[in-house]
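Below you'll find the structure, written out as structure tokens, and then a few comments.
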Amino acid sequence: MSISKRSDASGHFVSVIAPAKINLHLEVLGLRSDGFHELAMVMQSIELADQLQFTSTADGTISLSCDNSSLSTAGDNLIVRAAQLLRERSAFPELGVAIDLQKRIPIGAGLAGGSSDGAATLVGLNALWGLGFSQQQLEDFAAELGSDMPFCLAGGSQLCFGRGEQLEPLPVHKNSMAVVLVKDPSVSVSTPWAYGRCRELSGSRYLQQECDFEQRRQSLRDAPWLNPLRANDPPPLRNDLQEVVAPEVDAVQVSLKLLSDLPGSLAVAMSGSGPSCFALFADLASAQTALASHKQALTAAGLTSWCTALRAEGVTLEL
Ligand code: C5P
């Protein structure tokens with residue numbers, strides 16, 4: 001796919017917000033013929049976000065700098081991979097960019113920080129380079145780069161099926177809910193390891209037939225707690241990877257226990273493949289009060305904590 005003409009709207013500088021996500025529901029249905037897991041999920045954007053700045057350069061290079069030295073800025077970073085893919089599809093090999101990442105989403109946390117940065121790169125460079133790719137084209141590029149990336153691009157509240165890349169948006173309702181998030185900064189969980197362990201422990205119980213997958217998808221679409229998402233009927237929260245990861249990662253058990261002790265906490269779960277965990281609150285004020293009263297206990301247990309509202313959109317160009 002390529003386009004022959006760049007828009008005159010291209011400029012020299014673009015800034016993009018890349019929000020994190022949590023999983024309100026992560027159900028492993030079975031194994032696919034491509035080796036990935038067939039999933040039924042509800043993903044939700046949150047206001048905790050990275051910020052990326054893109055400055056066009058005339059030398060045809062793609063470079064990345066970051067305020068967190070523990071992150072690779074080389075060709076393995078999804079930001080660089082997304083920039084290379086977009087340039088390749090544009091058929092303008094001379095395009096260059098200097099990207100600066102301000103990292104606020106914890107790394108290796110199950111919050112899709114890397115995927116959101118990659119999605120933000122597709123949106124930012126589409127604007128900076130004036131390429132004119134549609135939202136659908138950008139979502140297709142995103143799906144090539146990672147299972148969570150199309151969601152990060154679209155954001156808000158979405159049902160995510162397939163390997164996570166097939167989106168069905170949930171109706172947007174004004175939603176005041178917020179979360180307290182925690183993560184032990186010394187622990188990270190490899191996503192392939194978590195899925196591999198899930199297969200070892202639960203593979204014999206996986207569904208096999210497409211009709212069984214579809215039945216599970218439909219019951220999630222029909223779930224009363226989703227129609228609409230509201231604080232007075234809070235999500236039951238389910239994460240099938242939690243059963244696999246928690247027994248082997250002490251930080252997850254400690255996080256879930258401390259979060260469920262927070263006053264006003266409606267439900268707690270691990271996000272994605274962990275190790276970050278969250279507690280859901282009716283509104284931001286209750287989440288802030290609960291965190292303020294328990295911050296010391298969380299810190300004493302080695303956990304970094306955040307308080308953040310749910311967000312109705314994914315990556316966003318700042319104008
Ligand atoms: O697509 P992504 O690169 O985020 O996936 C990382 C890894 O997580 C995959 O290589 C695979 O091991 C596992 N995975 C899976 N099923 C999915 C998504 C991810 O098994 N639906």
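The values are calculated or read from the model by the stated rules, or taken from the named source; none is laboratory data. This structure is a prediction, so every number in the text was calculated from the model and none was measured. Methodologically, a virtual Cβ is constructed for each residue, glycine included, from the backbone with ideal geometry; neighbour enumeration extends over all protein chains shown. Please note that ligands, DNA and RNA were not included when accessible areas were found on the heavy atoms of the full protein model with its side chains. Shrake-Rupley method; radii C 1.70, N 1.55, O 1.52, S 1.80 Å.
Just list whichever of 257/295; 103/183; 103/295; 21/295; 21/183 have alpha carbons separated by over 18 Å in the model shown.
On the way: 257/295 14 Å; 103/183 15 Å; 103/295 22 Å; 21/295 22 Å; 21/183 14 Å.
The answer is 103/295; 21/295.
Note on the chain: the alpha carbon radius of gyration divided by the globular reference 2.2 N^0.38 Å gives 1.00.
As an exercise, use a Förster radius of 41 Å and the Cβ-Cβ distance of residue 58 and residue 193 to find the FRET efficiency, rounded to the nearest 0.05. Taking R0 as 41 Å, the efficiency between residue 58 and residue 193 is 0.45. Spin-label pair residue 174-residue 204: with each label point 7 Å from Cα along the Cα-Cβ axis, the two points sit 5.3 nm from one another. Counting only residues at least eight positions apart within a chain, or on another chain, the aspartates and glutamates with an alpha carbon under 18 Å from that of residue 174 are 47, 233, 283, 313. When 191, 121 are compared by accessible area of protein heavy atoms, the largest-first order is 191, 121, using a 1.4 Å probe. Given a Förster distance of 25 Å, report the FRET efficiency between residue 33 and residue 140 from their Cβ-Cβ distance, rounded to the nearest 0.05. In this case the efficiency is close to 0.80. Rounded to the nearest 500, the 222 nm mean residue ellipticity of the chain from helices alone is -10000 deg cm²/dmol, with -39,500 (n - 2.57) taken per DSSP H run of at least 4 residues. Computed over protein heavy atoms with a 1.4 Å probe, the carbon and sulfur contribution to the accessible area of the chain reaches 51%.
Averaged over its residues, the chain has an accessible area of 42 Å² per residue, based on protein heavy atoms and a 1.4 Å probe.
Could you give the length gained by full extension between residue 211 and residue 301, i.e. 0.36 nm per residue of separation minus their alpha carbon distance, to one decimal place?
Numbers: separation 90, 0.36 × 90 = 32.40 nm, distance 4.52 nm.
Length gained, residue 211 through residue 301: 27.9 nm.
At 1.002 mPa s and 20 °C, plugging the Kirkwood radius over alpha-carbon pairs of the stretch 166-301 into Stokes-Einstein gives what diffusion coefficient in µm²/s? Translational diffusion coefficient: 129 µm²/s.
What full-extension length gain, to one decimal in nm, is calculated for residue 312 and residue 230 as 0.36 nm per residue of separation minus the Cα-Cα distance?
Working: separation 82, 0.36 × 82 = 29.52 nm, distance 1.35 nm.
So the chain would gain 28.2 nm between residue 312 and residue 230.
Using the average count of surrounding beta-carbon atoms within 10 Å as a protection proxy, the listed peptides 64-75, 166-177 rank, highest first, as 166-177, 64-75.
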